[in-house]
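Read-outs: derived from the displayed coordinates by stated rules, not from any lab. Since we're looking at a predicted model, the values are computed, not measured. Virtual Cβ from ideal backbone geometry, glycine too; neighbours counted across all protein chains shown.
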Amino acid sequence: MMIDSHDHSMREWVMAYKSRRAKNFSLKKLLLENFVNQMTVFWRRSAMDQIGLLDPDLKYAFDYDYWLRLSRLGPPLYIPEVLAGFRMHGDSKSGAQFKKQFLEDFKVFRRHAPANDSLLYLRKAVRSALIVSTYQLMNMRLKISRPSQACAL
């Protein structure tokens, strides 16, 4: 779940969307967008031994890169219970620096996507623009409803 600075649940529609995507997991869907809630992912040591550690050259999309590498070992097991809360605030990387995050996210996509695949067009032209626009709208609403937690755009 996503929570605000007062531990109130927020953006339930985002979490419902991500949960629905995770329940119906496929590598193609994961390539199109990172819908994995990183604070609720667990993996076996043997999986880490096979794919390695997080890429230290990535600042914003290291988890996305890791999910793509893990997914090559097999599909995940989805647990429907709420296991953690992500605190959304203006200083978080995904709140304040989402544009940089999505640029790096696209770089990770290019690293893992099949060459000359139609996913490239869909990801670049449609998905990325839609996701960035959604984050801009959410940040504007955050500024209006909680001025003390405003995100710099």
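Numbers at a glance
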{"quantity": "Two-site FRET efficiency, Arg87 against Trp43, from Cβ-Cβ distance with R₀ of 25 Å, rounded to 0.05", "calculated": "0.60"}
{"quantity": "Distance (nanometres) between label positions extended 7 Å along Cα→Cβ at Arg20 and His6", "calculated": "2.9"}
